[in-house]
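What follows is a short report on a single structure.
The values are calculated or read from the model by the stated rules, or taken from the named source; none is laboratory data. Everything quoted here is computed from the prediction, not taken from an experiment. We place every Cβ from the backbone using ideal geometry, glycine too, and count neighbours over all the protein chains shown. Remember, those area values only see protein heavy atoms, side chains included, never the ligands or the DNA or RNA. Shrake-Rupley method; radii C 1.70, N 1.55, O 1.52, S 1.80 Å.
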Amino acid sequence: MDEKHIVAIDLGTSKFALTIARVNGEDIQIVYYKEIPSSGIRYSYIFNPTQVATALRPAIEAAEKELDIKITQAVVGMPRYSVRQETNQGSIELNPDECITADDINYLKDTARQEYPLPDPKEVLFGAVAQSFSTSEDFQLVERDIIGMASDMLEGNFKIFIGNKRYLQNIDIVFNNLKLGIAGKYFTPDTTAQAVLTNAEMESGAALIDFGAGVTSVSIYYGGIMRHYAAIPFGGKSITDDIDNECKIFSETLAENIKLAHGICMPEKLQNMNEKILRINIGTTAQYKDLPVKYLSEVITCRVQEIMEAILYEIQLSGFSRKLRSGVVLTGGGANLANCGNFITEMSGYSVRTGYPRPLFSSGGCIGVHEAEAATSIGMILAAVKDDCEDCTVPETYAGGRTSVVVEPSGESTGTAAGEQEDAQSGTGTLFPEEDIRQTYREPKKKQPKKPRKQKVSWKEKFQNAMDKFTGTLYDMNKEMNDEEI
């Protein structure tokens, strides 16, 4: 089987992560992983495409130089916040003499997505998850049980996830500015769960809390299916802002470094650190500021408690709070906060473990790829491999400069792996065939230089010019008459 590369870009609120995997059959090797500070992102969605493209371009060029490749396309995650979920049903008629196949299931899923009404033109479907299937005789069956059965009718119940179309259009604008194609857009709460949760946890019931910088989300799994999703616009950045404001640090970067180095929940558990004092050089006239570790912990704990109370409330609303036998799995950058898992256990009674990417790949010595904050990137890589994503790179030797694909900023797909049009509402992005990669990038129209404006002439100047012209004409006529007489 031919070797290929898959590129994933995680557009986080505090960091961008560029991940490149070398895939050969079922062998997945992460050959590149790099995190850079983000720009132009708010609550996990792009609000300034130009800033995002400017920050990403050097990172992409550095990866190309290190691996001696040219990146032509990449998979990317959709925003996690401002996503609402609805329920929908779909049904199709079947031949009762034939068994139900996976193609029938996929056709039913596509029908449910396409037929769901979206009265607001500013909204688009981010994805759909099948909850259960029914036939004329049996009810509440899961997908693995329904395949192979025989019936004259197949009905499915779905969770539909709806988001803002502008957020997807901004992703298209960024990739268009970078001259890259979009190999796929993924609803990351589901792909991250596939990378972090075990099959046993999904079956018995687990809540995956993705504690990011700008957004904290919860995905609840039971019976192997995602049953509920919710997100709140608070995360690790809120903790950093609290440290900056409450402790009067006057520097967001310094506050972030203090949180990473000395941040801890539950001040009553500090023990030997309880009386420690941090002496911080804040660069003012005072030069140094003393910050008690206990006070720092109290500030952090108050914000973490607020965030987790909101998440636990969403778990209660889901109706599955009593079915989470595997407890809570905490992932994302916020999972590195010391004592955070113990604090959630104390608040909720659930067992909590930190969610690292499962060992479904080899890393090749890439630093950070096995950490909790890399779970989103690894989830997208695994999903792209499962979807048989095409090669996202070409060798540098044959590149001949950056090849590119025009990405129309419309929020709609422009093609699939088979070269066919995908449903505009599916939100799954575009897989570009090899011949499409050779398309010429459409440069923006250059602005024509403005013509200089004519200077306005007053009526006095116009009159004087007319008199001068008239006087000159009389002078010429008089001269001609004198010449003729001579």
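Observations, loosely collected:
- Criterion (of a type in the set (Gly, Ala, Ser), open to solvent by 40 Å² or more (accessible area, probe 1.4 Å) and touching a residue at least 12 places away in the same chain (Cβ under 8 Å)) met by exactly one of SER351, SER318: SER351
- The lone exception for THR101 - which of (1) touching a Ser or Thr at 6+ places or on another chain (Cβ under 8 Å); (2) modelled with pLDDT of 90 or more; (3) open to solvent by 30 Å² or more (accessible area, probe 1.4 Å) it fails: (1)
- The condition (being open to solvent by 80 Å² or more (accessible area, probe 1.4 Å) and at pLDDT 95 or above) is satisfied by just one residue among GLU93, GLU61, GLU26: GLU61.
- Segment 302-315, subset open to solvent by 20 Å² or more (accessible area, probe 1.4 Å) and under 17 Å from ASN245 (Cβ atoms), residue farthest from the chain's Cα centre (by Cα): CYS302
Yes/no per residue for (1) open to solvent by 50 Å² or more (accessible area, probe 1.4 Å); (2) over 23 Å from SER219 (Cα atoms); (3) more than 28 Å from the chain's Cα centre (by Cα); (4) at pLDDT below 85:
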| residue | (1), (2), (3), (4) |
| --- | --- |
| TYR107 | yes, yes, no, no |
| TYR116 | no, no, no, no |
| ASP120 | yes, yes, no, no |
| GLY127 | no, no, no, no |
| PHE133 | no, no, yes, no |
| VAL142 | no, no, yes, no |
| ALA150 | yes, yes, yes, no |
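- Subset of segment 161-180 that is part of a strand (DSSP E or B) and in contact with a Gly (Cβ under 8 Å, 6 or more places away or on another chain) - its residue that is nearest to PRO49 (Cα to Cα): GLY163
- Of the numbered criteria (1) modelled with pLDDT of 95 or more; (2) surrounded by fewer than 20 Cβ atoms within 10 Å (Cβ to Cβ), the one LEU330 fails is (2).
- Selection of first residues in segment 245-268 that are at negative phi and of second residues that are open to solvent by 70 Å² or more (accessible area, probe 1.4 Å), restricted to Cβ pairs under 7 Å at least 6 apart or on distinct chains, gives the following pairs, ordered by first then second residue: PRO267/LYS294; PRO267/GLU298.
- Pair list, Cβ under 8 Å, 6 or more apart: segment 8-21 residue buried (at least 23 other Cβ atoms within 10 Å of the Cβ), other residue in a strand (DSSP E or B) and among the aromatic types (Phe, Trp, Tyr): ILE9/PHE16; ASP10/PHE16; ALA17/TYR33; THR19/TYR32; THR19/TYR33; ILE20/TYR32; ILE20/TYR33
- Cβ pairs under 7 Å, 6+ apart, first in segment 98-122 and within 17 Å of GLY163 (Cβ to Cβ), second open to solvent by 70 Å² or more (accessible area, probe 1.4 Å): LYS122/ARG166
- Looking only at segment 348-366, and only at residues there that are in a strand (DSSP E or B), at pLDDT 95 or above and under 25 Å from the mean Cα position of the chain (by Cα), the one that is nearest to GLN29 (Cα to Cα): THR354
- If the condition is being open to solvent by 90 Å² or more (accessible area, probe 1.4 Å) and part of a helix (DSSP H, G or I), then segment 256-301 contributes LEU260, GLU268, LYS269, GLN271, ASN272.
- Taking segment 108-141 as the range and being over 30 Å from SER82 (Cβ atoms) and not in a strand (DSSP E or B) as the test, the residues that pass are THR135, SER136, GLU137, ASP138, PHE139, GLN140.
- LYS185 open to solvent by 30 Å² or more (accessible area, probe 1.4 Å), basic (Lys, Arg) and modelled with pLDDT of 90 or more: no
- Segment 215-240 - residue that is in a strand (DSSP E or B) and hydrophobic (A, V, I, L, M, F, W, C) and, of those, nearest to THR331 (Cα to Cα): VAL218
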